[in-house]
Amino acid sequence: MTTRHFLDLDALPAATLRRILETAFDMKRRRAGWPKGKIDSGAPLADYTLAMIFEKSSTRTRVSFEMAMRQLGGSTVVMQGQDTQLGRGESVADTARVLSRYVDAIMIRANRHDMVQELAHESEVPVINALTNRSHPCQVMADVMTFEEARGPIAGKRISWIGDGNNMAVTWIHAAARFSCELRLACPAGYRPPQGEIEWANANGGKVTLSDDPAYAADGSDCLIADTWVSMGDTDVEERLAALKPYQINAALMKKAKPDAVFMHCLPAYRGKEVTAEVLDGPRSVVWDEAENRLHVQKAILMWCLGKLD
Ligand code: CP
Ligand code: NVA
């Protein structure tokens, strides 16, 4: 079996992603009744260890991967990028070779996407992208799971991305192709996702359109999605806040979507900026399920990477 890296949704076949999602749903069902009920995950990853490298901050990703490994019987080693020799200039290739001798898989949250690709290229064990400047595939898998829990199969549904054309937007573009949904993006000039990503999606079964009009993107939508206007590593804070101000998801914008549309946000959220408190904390928001589903999806990704799924 070739090493199973989980780097991006455009790098994996639709059937593999669907298999991972089905496993995530199964993992969640087994955990029904928690915290009082029994956790019935078995211990399929007993004796497996995951290294977790963080060059950027994290709450959900760190804890959900950590708990996923523990509940599947495995263990983790957390490495803060700046505290490792990588942070002092040891090469990515040498780091990959050494870690491959100790652990069974590597999860990394990195500043540069090409660094993660190099790590995967040199690693003998699976590498999982836990967010880069390009993409955030683990999160969008949890998003698709959350949408399907709330609204049924995502194929053919209209999803609206409103705001910055950032790493999450790019992964949603990949998801539109892999899960056959319509994606309408509304992003201001200067903050649009790369055109090449949209062209790739539309050449691979996606239906992706980009405009600068939040009302057009939200019209008749099944799901409105926001993300922070200032991602980790962004330095042009004032310019961003000014350009993105008209892209707030609020009650008026939600009204343009279908009456049963849901609101999603990967978190952390900034109430009063990209979303109002009324929407984020309102009845159509599924953000807490979305955060929980990170746990179930991480388990499924780990199981796939470590060869426990077909
Ligand atoms: N959504 C997400 O990835 O959250 P963290 O940055 O807290 O990991
Ligand atoms: N776009 C955000 C996502 C955080 C989970 C960032 O990269 O900071």
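Filtered by the rule that a residue be closer than 17 Å to Gly272 by Cβ and either within 16 Å of ligand 2 (Cβ to nearest atom) or of a type in the set (Asp, Glu) (or both), the range 203-242 gives Ala226, Asp227, Thr228, Trp229, Val230, Val237, Glu238, Arg240, Leu241. Residues in the range 223-240 that are of a type in the set (D, E, K, R) and touching a helix residue (DSSP H, G or I) at 6+ places or on another chain (Cβ under 6 Å): Asp227 only.
Please determine, by comparing only the residues of the range 233-249 that are assigned to a helix (DSSP H, G or I) and more than 13 Å from Gly163 (Cβ to Cβ), which one is nearest to ligand 1 (Cβ to nearest atom). Steps first, answer last, please.
Initially, the range 233-249 is screened for residues assigned to a helix (DSSP H, G or I), giving 237-247.
Subsequent filtering for residues that are more than 13 Å from Gly163 (Cβ to Cβ) retains 237-239, 242.
On the way: Val237: 18, Glu238: 23, Glu239: 23, Ala242: 24 Å.
Top of the filtered list is Val237.
Among the conditions (1) more than 16 Å from ligand 2 (Cβ to nearest atom); (2) modelled with pLDDT of 95 or more, Asp310 misses just one, which is (2).
Residues in the range 128-137: is at least one surrounded by fewer than 24 Cβ atoms within 10 Å (Cβ to Cβ) and more than 30 Å from Ala46 (Cα to Cα)? Checked against the condition, which is being surrounded by fewer than 24 Cβ atoms within 10 Å (Cβ to Cβ) and more than 30 Å from Ala46 (Cα to Cα), the range 128-137 yields at least one hit. Screening the range 150-229 for helices (runs of 4 or more DSSP H) wholly inside it with 1 or more residues that are among the polar types (S, T, N, Q) and either surrounded by fewer than 22 Cβ atoms within 10 Å (Cβ to Cβ) or touching a strand residue (DSSP E or B) at 6+ places or on another chain (Cβ under 9 Å) (or both) returns the ranges 195-203. In the range 97-131, of all residues being within 25 Å of Ser75 (Cβ to Cβ) and of a type in the set (S, T, N, Q), the one that is farthest from ligand 1 (Cβ to nearest atom) corresponds to Ser100.
In the range 254-310, how many residues are charged (D, E, K, R), more than 15 Å from ligand 1 (Cβ to nearest atom), closer than 18 Å to Asp227 by Cα and not in a strand (DSSP E or B)? I'd like the intermediate steps shown before the answer.
Pass one, the range 254-310, residues charged (D, E, K, R): 255-256, 258, 260, 271, 273-274, 278, 281, 284, 289-290, 292, 294, 299, 308, 310.
Narrowing further to those that are more than 15 Å from ligand 1 (Cβ to nearest atom): 255-256, 258, 260, 271, 273, 278, 281, 284, 299, 308, 310.
Narrowing the set further to residues that are closer than 18 Å to Asp227 by Cα leaves 271, 273, 278, 281, 284.
With not in a strand (DSSP E or B) added as a condition, the list becomes 273, 278, 281, 284.
Here the count works out to 4.
Candidates in the range 71-95 are the residues that are hydrophobic (A, V, I, L, M, F, W, C) and under 28 Å from Met27 (Cβ atoms); of these, the one that is nearest to ligand 2 (Cβ to nearest atom) is Val78. Given the condition more than 16 Å from ligand 2 (Cβ to nearest atom) and crowded, with 17+ Cβ neighbours inside 10 Å, answer yes or no: does some residue in the range 269-279 qualify? Yes, some residue in the range 269-279 is more than 16 Å from ligand 2 (Cβ to nearest atom) and crowded, with 17+ Cβ neighbours inside 10 Å.
Say we look at the range 243-257 and pick out the residues that are in contact (Cβ under 8 Å) with a residue 60 or more places away in the chain and of a type in the set (A, V, I, L, M); which of these is nearest to ligand 2 (Cβ to nearest atom)? Talk me through it step by step, then tell me what you get.
First, the residues of the range 243-257 that are in contact (Cβ under 8 Å) with a residue 60 or more places away in the chain: 244, 247, 249, 253, 257.
After this cut, where a residue has to be of a type in the set (A, V, I, L, M) as well, the list is 244, 249, 253, 257.
Details: Leu244: 12, Ile249: 15, Leu253: 20, Ala257: 22 Å.
Filtering the range 243-257 for residues that are in contact (Cβ under 8 Å) with a residue 60 or more places away in the chain and of a type in the set (A, V, I, L, M), the one nearest to ligand 2 (Cβ to nearest atom) comes out as Leu244.
So, Ile108, is that one within 16 Å of ligand 2 (Cβ to nearest atom), farther than 25 Å from Val63 by Cα, under 15 Å from the mean Cα position of the chain (by Cα) and of a type in the set (Val, Ile, Thr) or not? No; evaluated as a whole, the condition is false for this residue. If you go through the range 230-260, how many residues are of a type in the set (Val, Ile, Thr), surrounded by 15 or more Cβ atoms within 10 Å (Cβ to Cβ) and out of contact with any strand residue (DSSP E or B) (no Cβ under 7 Å at 6 or more places or on another chain)? Final tally of qualifying residues: 1.
Checking the structure you have, find out if any residue of the range 75-92 is assigned to a helix (DSSP H, G or I) and over 29 Å from Val230 (Cβ atoms). Give the steps one after another, and end with the answer.
Of the range 75-92, the ones assigned to a helix (DSSP H, G or I) are 81-83, 85-88, 92.
Cutting the leftovers down to over 29 Å from Val230 (Cβ atoms) gives us 85.
Checked against the condition, which is being assigned to a helix (DSSP H, G or I) and over 29 Å from Val230 (Cβ atoms), the range 75-92 yields at least one hit.
Just to verify a result, which residue in the range 207-232, among those that are within 16 Å of ligand 1 (Cβ to nearest atom) and in contact with a Lys or Arg (Cβ under 8 Å, 6 or more places away or on another chain), is farthest from Arg158 (Cα to Cα)? Among those residues, the one meeting the criterion is Met232.
When the criteria are applied in full, Thr276 fails the requirement of being free of Cβ contacts under 8 Å to residues at least 24 places away in the same chain and of a type in the set (S, T, N, Q). Residues that are more than 16 Å from ligand 2 (Cβ to nearest atom) and either outside any helix (DSSP H, G or I) or surrounded by 20 or more Cβ atoms within 10 Å (Cβ to Cβ) (or both) within the range 61-70 comprise Ala68, Met69, listed in sequence order.
The values are calculated or read from the model by the stated rules, or taken from the named source; none is laboratory data. Predicted model, so just to flag it, every value in this text is computed and none were measured. Virtual Cβ from ideal backbone geometry, glycine too; neighbours counted across all protein chains shown.
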